[in-house]
Amino acid sequence: MDVIRLRGVRAYGRHGASSGERERRQLIRVDLSAEMDLQPAATSDDLARTLDYAELHDRVVRVVATTSYALLERLAADVLDAVFADPRITRARVTLSKPKILGGATPSITLERINSRRA
């Protein structure tokens, strides 16, 4: 299967296990890969036949900015749900990391799921 990737997305949101973390926006870095058949786009050169990564970037940033969760795992599940809004995507993987919270160490989580909405 073919893959589209977005790496190094910088989004700001109110996420964290302590209430203090949710009082102010903090940087969440997002790395994302989405699997789909890219042959239709490769043969047609038509943006409508592929995943518009600029639009995907906007969706991801919007999810991070408009939600507030204690756990990155919950946020990652919402990000994957936004990715799977496009039924052409068969599988996706998202890694969320929170730099600047552990004195130089960067915690991160990764979720990988199959699209249950696949047509």
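Looking at the structure I just gave you, is Arg88 touching a strand residue (DSSP E or B) at 6+ places or on another chain (Cβ under 9 Å), within 22 Å of Glu112 (Cα to Cα) and not in a helix (DSSP H, G or I)? Quick ask: steps written out before the conclusion?
Details: touching a strand residue (DSSP E or B) at 6+ places or on another chain (Cβ under 9 Å): yes; within 22 Å of Glu112 (Cα to Cα): yes; not in a helix (DSSP H, G or I): yes.
So Arg88 passes the test.
Filter the stretch 15-48 for residues that are modelled with pLDDT under 95 and basic (Lys, Arg) and give the result.
Arg22, Arg24, Arg25
Identify all residues within the stretch 20-44 that are buried (at least 17 other Cβ atoms within 10 Å of the Cβ) and either free of Cβ contacts under 8 Å to residues at least 12 places away in the same chain or assigned to a helix (DSSP H, G or I) (or both); write none if there are none.
Scanning the stretch 20-44 gives a single hit, Ala41.
Before we move on, is Leu111 touching a strand residue (DSSP E or B) at 6+ places or on another chain (Cβ under 9 Å), buried (at least 16 other Cβ atoms within 10 Å of the Cβ) and assigned to a strand (DSSP E or B)? Before the answer, list the steps.
Details: touching a strand residue (DSSP E or B) at 6+ places or on another chain (Cβ under 9 Å): yes; buried (at least 16 other Cβ atoms within 10 Å of the Cβ): yes; assigned to a strand (DSSP E or B): yes.
Judged against the criteria, Leu111 is a match.
Condition first: touching a residue at least 60 places away in the same chain (Cβ under 8 Å), within 19 Å of Thr110 (Cα to Cα) and not in a helix (DSSP H, G or I). Can you find one or more residues in the stretch 69-85 that meet it? Outline the logic, then answer.
Filtering the stretch 69-85 down to residues touching a residue at least 60 places away in the same chain (Cβ under 8 Å) leaves 75.
Restricting the remaining residues to those that are within 19 Å of Thr110 (Cα to Cα) gives 75.
Those left that are additionally not in a helix (DSSP H, G or I): none.
No.
Counting just the residues of the stretch 49-62 that are touching a residue at least 40 places away in the same chain (Cβ under 8 Å) and either farther than 18 Å from Arg117 by Cα or not in a helix (DSSP H, G or I) (or both), which one comes out farthest from the chain's Cα centre (by Cα)? Talk me through it step by step, then tell me what you get.
Of the residues in the stretch 49-62, the ones touching a residue at least 40 places away in the same chain (Cβ under 8 Å) are 50-51, 53, 56-57, 60-61.
Filter again for either farther than 18 Å from Arg117 by Cα or not in a helix (DSSP H, G or I) (or both), leaving 50-51, 53, 57, 60-61.
Values: Thr50: 17, Leu51: 14, Tyr53: 11, His57: 8, Val60: 5, Val61: 8 Å.
Among those residues, the one meeting the criterion is Thr50.
The values are calculated or read from the model by the stated rules, or taken from the named source; none is laboratory data. Keep in mind that this is a model prediction, so the values were computed, not measured. Because the Cβ atoms are built from the backbone with ideal geometry, glycine has one as well, and the counts that use them run over all protein chains shown.
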